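Rule-based calculations on the coordinates, nothing more; no lab input. Everything numeric in this text was worked out from a predicted model, so none of it was measured.
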Amino acid sequence: MPGHVAIDFSDVQRWGGLLAEETVAIAQRVEPAVVVQQRSVHQAIQEAAPFRTGALRGSVRTTGKGLSRWVRAGSRKAFYARFLEFGTKKMDARPFVRPHAGEPELREFENRVDAALTNGPIYS
């Protein structure tokens, strides 16, 4: 039409599709690194948990799926996990979870993710 200005945004849709595909592909490549890190932290926390009856160590579990994963400690039987981790007015903290969620573990995780992504771009 005379006097009108048109902008072609068709490439934006194509790029949007490529970015969506890349996001899925990146998640698929990173997920195994997340699983390995989760297992590593789970094992470290389980080994560090104070042991008297075994209930606390037995309460350490992994949950989640995909890129959203957790390592949790405590249960109805081992309700005292939070008291040991953070202490109380009458008892000093005896952390067994937080020491395994610090800088060294973050660097280890970043290295795992970096290794998962070192194959270069997903699309050409």
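Proximity of backbone amide H atoms, modeled 1.01 Å from N, is registered between ARG94 and GLU85, PHE86, GLY87 at under 5 Å, excluding neighbours fewer than 5 places apart on the same chain. One decimal place: the segment LYS65-ARG82 gains 3.7 nm when fully extended, by the rule 0.36 nm per residue minus the C-alpha distance.
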